[in-house]
Structures are given as C-alpha cells and as structure tokens.
C-alpha cells in the first residue's frame, strides 16, 4: 500500500519515525540518523545523480530513505538484522522511493569499492556498550568491534581516490590516513572526508 502524501513524513523526526513499528520507534533517538543530519550528509556524499552511496549498519534504513528523498543518487544500506532490513524495505516501497534499498547482510561481504561514498553512524559501538545494543538478535563483543573496525578501515583504503565518507558520532582515529577531513557539522558530530590517495 502506497502512502498518498509521503512528503509530510519528512518534516520532522517524530512524524517520520511514526512510519515504523513501536519497537523501531523507541530506538530512533539513539540509533537512527536524524533527518537534518541525513539531508546534510546526502548533499556531500552525492554531488551528482550518478553517485552510489553505501550505509554500513543501516538499521531500518532511515538515512537511506531520508537521503533518497532529497537526492536522485542511489542509496543502499546493509544491515545484518533481517527484521530491520525487511521493515526498511517495506517503508521504502510504501513511500514510493525508487533510489533506496536495504540489503540483509554483513558489510564484510560487500565490495565497497563499487560505491562512490560511504555513510557510517558508528554501528559497531553496540559491541562495546552492550546496554546500547538494538536487540539480542546478533552476536556482540569487544573482539567483534575490533574486527569490524579493522575490516572497515581496510575496505575504505580500497576505495578509489576521490571517494567520499560521512561519519556520525565517530572518532577521527578510526579513519584511515588516506582520507582527509573536509568539513564538519552539528558540533563536529557529522564529519565529511575525501580519499586523497
């Protein structure tokens, strides 16, 4: 079932989050990207309609949905929780958005060199602070945090020169030296990077 007036859902986070089931809405304030952050990141990550952006640890795809609403580029989220991917794709379909999707899987199996940009909202953090976890459906541990961080850094190094990266709530020390900090927003929580070499 399509939503007749999708634009009204993109005016505020509470209204947007109302699209989702209750168990998803209660996670929004801590775990999902705010709309204004998504809109700002989309402008940087997708300077042309041909841009292909990957959101690592997409959850229900809020970033991808919001970004696709303001940009004609392609936004793909990868999420290891199958129920979140399913919910996200259902909302994408209901809103009639054709340039966003959420795939069920683990980012370690994704070739991110096929993308022109990456969005990353510190989705590994739940491996360090168990109380901040989204649910009990996936394995979590400090060792996994280290593994995922190493994997992400290796994959970022494989991206072509000029690739763009937007990070939210992430320390600069997590980013490989081949990426140069370009600018920051929202009290330095949202940072934009470009791959220099």
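The values are calculated or read from the model by the stated rules, or taken from the named source; none is laboratory data. These figures come from a predicted structure and were not determined experimentally. Virtual Cβ from ideal backbone geometry, glycine too; neighbours counted across all protein chains shown.
Observations on the model:
- Residue in region 181-194 that is modelled with pLDDT of 95 or more, within 17 Å of residue 116 (Cβ to Cβ) and not in a strand (DSSP E or B) present: no
- Just one of the numbered conditions (1) touching a strand residue (DSSP E or B) at 6+ places or on another chain (Cβ under 8 Å); (2) crowded, with 16+ Cβ neighbours inside 10 Å; (3) under 29 Å from residue 154 (Cβ atoms) is not true of residue 66: (1).
- Test: residue 137 is at pLDDT below 95, assigned to a loop (DSSP other than H, G, I, E, B) and under 19 Å from residue 64 (Cβ atoms): no
- Of the candidates 26, 43, 94, 80, the single residue that is under 19 Å from residue 193 (Cβ atoms), surrounded by fewer than 21 Cβ atoms within 10 Å (Cβ to Cβ) and out of contact with any helix residue (DSSP H, G or I) (no Cβ under 7 Å at 6 or more places or on another chain) is 43.
- Yes/no for residue 5 being modelled with pLDDT under 95 and over 29 Å from residue 151 (Cβ atoms): yes
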